[in-house]
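Some notes on the structure that comes next.
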Amino acid sequence: MPTESLFTPLAKAQSWVTIDYEGHQLKVPQGVSIAAALLASGVRHSRTTPVQGANRAPFCMMGVCFECLVEVDGVPNRQGCMTLVSDGLRVRRQLGARKLAPLCAEGDCDEN
Amino acid sequence: MHKSKTVVVGGGLLGMTIAYGLALKGQQVCVLDEGDSAFRASRGNFGLIWVQSKGYGMTPYAHWTRQAAALWPELAGKLLADTGINVHLRQNGGYQLCLSQAELTEEVHRLQWLESALGDYPFEVLEPNELQKRLPRIGPDVVGACFSPMDGHVNPLKLFSALHHACQARGVHVLHNYAVDGIEAFGNDFLITSNARELRCEQLILAAGLGNKTLGAHLGHDVPVAPSRGQILITERIEPFLDIPTSTVRQTDEGTVQLGDSAESVGFDDRTSTAVIADIADRAVRSFPCLANVNLVRAWGALRVMTPDGGPIYQELSHAPGAHLVSCHSGVTLAAMHALRLAPSIATGTALPELASFGLGRFSANAEVHHAH
C-alpha cells in the first residue's frame, strides 16, 4: 500500500484515532471522514466498479458520486465521505457489487 | 418546408420501434420527439417481455403478445447486426409471486381462462416448496407463484440506445424538442405545425403516448387513453441472485434490482409518493428477504398509457386516411411486432387481419379494465 499522500492537511490535527484499513493500522485525525482519512493516508484506490472492475477512489467528497464506497464494520457499500472515523473502525475496500449473505445449505442451519 | 414520406410523432420506445421497422423497409422517416419535458411512458418500463395473464378477457391481445415474444429474438438480432449493441434478451420464463391466497387464486383463474381460450398456453402453479428449489432466496411470505416459460426480459436502457443507433444508421431523421402544435390533412398530405415550423408528410404515425389524445382530436378522433402511474425503485448493484424475472422484482444483467408494478390513477402527476415506495419495498423484501438491507439509489414515477380495456390501439384513422394511431403500454413486450409486423404493414399498405380487433371502434361500449404489467 503506498503511504505517500497526494494531500497535505491544512492544520496539524489535535487528536488522532486509529482505524483498521485492510489489516493496516492507520493513524488518522479525529473528526474527518473515512474518505478524507484514506486519501490523507496515501490510499490510491478504495473500491472497484461492479461492471468493469475498474479502480476508484473518493472523488466528490460530498455524498454525490458514490466513488468512495467502502465496507465499514462489515456493512458493504457505505459512503466513505459521509462517515466519520472513530477509533477501531474496520474499513475494507468495496470490491465490485454488494455481496449477499451466503445461503444456508439444506439442514445446515436454522430457519431465519 | 420540411417534407418526408413518413412522420412518426413520438420518440419514445414505441415511436422509435415503428420508425426502425419502417426504415428496415426502406422508408424515409422523420421522428418528432417532444423532448425531455414529455411524459415518457418509456421511462417507466420494467424491461419485461411479459406474456402470462396478458389478454385476459381479450383473446386477440393474448395472441398478439405471444407472437411478439416469439418474434423478439429476430428483433434483438437485427439490432445487434445494425448497432453491435446486445440488448441482453433473456427468454427463460418469468414468475408472478403471490403473497396471499387471494392473489394466487386470481392469477391462476386468469391463466386458466387464457389456457382454455388459446389452447396451448404453458404455465405452472408452484407451491412454496417447489418454488424454494427454483428460487432459493424466496421469502416465507410467498404463498405460491405462477411460472410461464413464455416470459422474458431485456435491458431497456440498451434497447432504447440500440433503437436510436439503429435508426440513425438507417437514415431516420430524429428532431428533438418538436412538440406538435397542430395537424391538418392537406390534400393527400398532412401538414404538421411543430417548433414554429411546418412539416409535410404523406404518411403519419401517431405514437405519442398520452399525447395521442390531443393529436387524435386534431384529426377528428376521440382517443381514450389515460395515465396510470407506476413507481419504480432501483437498488445498488448486488451480486447476481435472480436470473429469471418476476413481475415485481427483476435483476438486470449489470446487477441492479428494479422493483415496481404499482398502478395509480392520479392524473398527469408523475412524482413519487412515500406510501407507494414503502409498499413496493415491503413487497420486494417479503418476496426476497435478502433485499432487506440493500440500499435504494433511485426512485421515480412514470405514466403508463392505458386504454379502457388495457389493450393496445392500432387504427388507421377513417377521418384522415394515411394517419395511423398506435397506443399501448407494453412498448417493450410488443416491440418485435411493432418493428417487424406493424411497420411493414403500414409501409406496404397491406392491412394485417389480426389488427381488426384493436381498433377504436371497440370503445363505443363500456368495457371492464384489465391491467397486467
Original post:
Quick one: which of A:Thr18, A:Thr8 is hydroxyl-bearing (Ser, Thr, Tyr), surrounded by fewer than 11 Cβ atoms within 10 Å (Cβ to Cβ) and over 25 Å from B:Thr256 (Cα atoms)?
Top reply: A:Thr8
Original post:
Across the range B:140-156, which residue is nearest to the other protein chains (Cβ to nearest Cβ) among those that are in contact with a Leu (Cβ under 9 Å, 6 or more places away or on another chain), over 22 Å from B:Ile49 (Cβ atoms) and not in a strand (DSSP E or B)?
Top reply: B:Asp141
Subject >> Matching option when the condition is outside the structural domain of B:Ala263 (by TED's automatic domain parsing) and either closer than 22 Å to B:Gly322 by Cβ or of a type in the set (Lys, Arg) (or both), among B:Gly55, B:Gly15 >> reply: B:Gly15
Subject >> Hits in the range A:61-72 (condition: within 13 Å of chain B (Cβ to nearest Cβ), in a loop (DSSP other than H, G, I, E, B) and touching a strand residue (DSSP E or B) at 6+ places or on another chain (Cβ under 7 Å)) >> reply: A:Gly63, A:Phe66
Original post:
Does B:Val143 fit the bill of being touching a residue at least 40 places away in the same chain (Cβ under 8 Å), surrounded by 14 or more Cβ atoms within 10 Å (Cβ to Cβ) and closer than 30 Å to B:Arg200 by Cα?
Top reply: no
**OP:** Could you please give the count of residues in the range B:283-310 that are closer than 27 Å to B:Cys328 by Cα and in contact with a strand residue (DSSP E or B) (Cβ under 7 Å, 6 or more places away or on another chain)?
**Re:** 11
Subject >> From the options B:Leu131, B:Leu97, residue that is at pLDDT 95 or above, surrounded by 15 or more Cβ atoms within 10 Å (Cβ to Cβ), among the hydrophobic types (A, V, I, L, M, F, W, C) and in a helix (DSSP H, G or I) >> reply: B:Leu131
Original post:
Only one of these conditions is not met by B:Gln168: (1) assigned to a loop (DSSP other than H, G, I, E, B); (2) more than 14 Å from chain A (Cβ to nearest Cβ); (3) not charged (D, E, K, R). Which number is it?
Top reply: (1)
Original post:
Which residue, of B:Ile205, B:Ile238, is surrounded by 21 or more Cβ atoms within 10 Å (Cβ to Cβ) and assigned by TED's automatic domain parsing to the domain that holds B:Val9?
Top reply: B:Ile205
Subject >> Residue satisfying condition, being acidic (Asp, Glu), in the same structural domain as B:Ile138 (by TED's automatic domain parsing) and touching a Leu at 6+ places or on another chain (Cβ under 9 Å), within set B:Glu103, B:Glu74 >> reply: B:Glu103
Original post:
Just checking, how many residues over the range A:36-60 are in a strand (DSSP E or B), away from chain B (no Cβ under 12 Å) and of a type in the set (Lys, Arg)?
Top reply: 1
Original post:
What residue, of B:Thr17, B:Thr65, is of a type in the set (Val, Ile, Thr), assigned to a helix (DSSP H, G or I) and within 30 Å of B:Tyr178 (Cα to Cα)?
Top reply: B:Thr17
**OP:** Filter the range A:73-98 for residues that are free of Cβ contacts under 8 Å to residues at least 40 places away in the same chain and part of a loop (DSSP other than H, G, I, E, B) and give the result.
**Re:** A:Asp73, A:Gly74
Subject >> Qualifying position, being within 14 Å of another protein chain (Cβ to nearest Cβ) and in a loop (DSSP other than H, G, I, E, B), among A:Ala101, A:Ala13 >> reply: A:Ala101
**OP:** Only residues that are of a type in the set (Lys, Arg) and not in a loop (DSSP other than H, G, I, E, B): list them for the range B:42-62, please.
**Re:** B:Arg43
Subject >> Meets criteria (farther than 19 Å from B:Asp36 by Cα, touching a helix residue (DSSP H, G or I) at 6+ places or on another chain (Cβ under 6 Å) and loosely packed, with under 15 Cβ neighbours inside 10 Å) for B:Ala169 >> reply: yes
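The values are calculated or read from the model by the stated rules, or taken from the named source; none is laboratory data. None of these values were measured; they are calculated from a predicted model. Please note: Cβ atoms are built from the backbone with ideal geometry, for glycine as well, and neighbour counts cover all protein chains shown.
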